[in-house]
Amino acid sequence: MISSIHPISAFSDNYIWIATEEGSNKACVVDPGDAAPVLQYLEANNLSLSDIFITHHHPDHTGGIRELSAKYSPRVVGPQASNIHGITQPVREGDQIQLFEQNFSVIEVPGHTLDHIAFFCHDCSNDSPILFCGDTLFAAGCGRLFEGTAAMMFESLAKLTVLEPDTRVYCTHEYTMANLRFALQADPENQVLRDRILREQQKRDAGIPTLPSNVELELATNPFLRCVSPALIKSAEHQLGHNPDNEVEVFAALRSWKDNF
């Protein structure tokens, strides 16, 4: 079973998540864009890399595969709908992956990229569920639409927000404060959001990651998950110049606004 999940900082704002197995020295990393900090962490903690999970093809999530594979020969699990060099076990929607005697379900979440997947563990040793979601769902935000459409990302996020409220959301960038600043512009009367900003800023001031988040908190404060909110419909209308026809149009207006915020 998984004993701990720890963030390894990479580049300017990436987190490479490393999960360790209870009672052994085995470890799994998620989206290792850079091998160097992973190697340093493994060696410092006397760990051996048994598995790599990959959510999508962007280089800041895949750049370390070759070097890590050369040293440890791990299983590399990643999206079937991709040509990522080094994947040894391609997976798609509904596949089950066992890691340290715990089962992860594969969820296809296109939008940020077309090949994007997430890994979800429902029964995590009597702890809250785990979601490794790459660049799809962020703390108080979501990924840019580099390859998919707004409708595609909206549906992908909907797959994640029906997970248990206490599901821990392990995304891969420390974008939280910037996302919260935008969220407050879009949803200024949200007191839960205002309270969150204070808590998260205290973490950053102390040098502590704001992650993981959880589904319940995201549903209460993430504007991209709140497209039925009157306040956010009003914000979308202001951006569009007309009343949005549906939730997807609200989402698209918010995403376009955030791109230029």
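The values are calculated or read from the model by the stated rules, or taken from the named source; none is laboratory data. Note that the structure is a prediction, hence the values are computed from the model and not measured. Cβ coordinates were reconstructed from backbone atoms using ideal geometry, including for glycine residues, and neighbour counts include every protein chain displayed.
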With closer than 19 Å to S213 by Cα and at pLDDT 95 or above as the only criterion, which of L131, L99 stands out?
L131
Residue by residue through region 25-43, note down the ones that are farther than 24 Å from H116 by Cβ and either in a helix (DSSP H, G or I) or free of Cβ contacts under 8 Å to residues at least 12 places away in the same chain (or both).
A36, L39, Q40, Y41, L42, E43
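Run down S12, S3, S69, S82 and say which single residue is at pLDDT below 95 and either in a helix (DSSP H, G or I) or closer than 27 Å to I208 by Cβ (or both). Don't jump to the end; show me each part of the working.
Working: S12 fails: at pLDDT below 95; S69 fails: at pLDDT below 95; S82 fails: either in a helix (DSSP H, G or I) or closer than 27 Å to I208 by Cβ (or both).
Unique residue meeting the criteria: S3.
The rows are residues; the columns are (1) crowded, with 18+ Cβ neighbours inside 10 Å; (2) assigned to a helix (DSSP H, G or I); (3) of a type outside the set (D, E).
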site	(1), (2), (3)
T210	yes, no, yes
E216	no, yes, no
V228	no, no, yes
L232	yes, yes, yes
S235	yes, yes, yes
H238	no, yes, yes
D245	no, no, no
E249	yes, yes, no
R255	yes, yes, yes
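Could you tell me which residue of region 87-145 is farthest from P74 (Cα to Cα), considering only residues that are among the hydroxyl-bearing types (S, T, Y) and surrounded by fewer than 18 Cβ atoms within 10 Å (Cβ to Cβ)? Outline the logic, then answer.
In the first step, residues of region 87-145 are kept if they are among the hydroxyl-bearing types (S, T, Y); the result is 88, 105, 113, 125, 128, 136.
So of that shortlist, the ones also surrounded by fewer than 18 Cβ atoms within 10 Å (Cβ to Cβ) come out as 88, 105, 125, 128.
Working: T88: 9, S105: 19, S125: 23, S128: 26 Å.
That would be S128.
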Could you list, in sequence order, the residues of region 156-180 that are without any contact (Cβ under 8 Å) to a residue 40 or more places away in the chain and within 20 Å of L198 (Cβ to Cβ)?
T176, M177, A178
Report, by residue number, each residue of region 165-198 that is under 20 Å from the mean Cα position of the chain (by Cα) and exposed (fewer than 14 other Cβ atoms within 10 Å of the Cβ).
D166, R181
Quick one: in region 109-135, of everything that is of a type in the set (S, T, N, Q) and in contact (Cβ under 8 Å) with a residue 60 or more places away in the chain, which residue is nearest to L157 (Cα to Cα)?
S128
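In this structure, does V106 turn out to be closer than 30 Å to F251 by Cβ and either in contact with a strand residue (DSSP E or B) (Cβ under 6 Å, 6 or more places away or on another chain) or of a type in the set (F, W, Y) (or both)? Write out each step before concluding.
Details: closer than 30 Å to F251 by Cβ: yes; either in contact with a strand residue (DSSP E or B) (Cβ under 6 Å, 6 or more places away or on another chain) or of a type in the set (F, W, Y) (or both): yes.
Considered against the rule, which asks whether it is closer than 30 Å to F251 by Cβ and either in contact with a strand residue (DSSP E or B) (Cβ under 6 Å, 6 or more places away or on another chain) or of a type in the set (F, W, Y) (or both), V106 comes out as yes.
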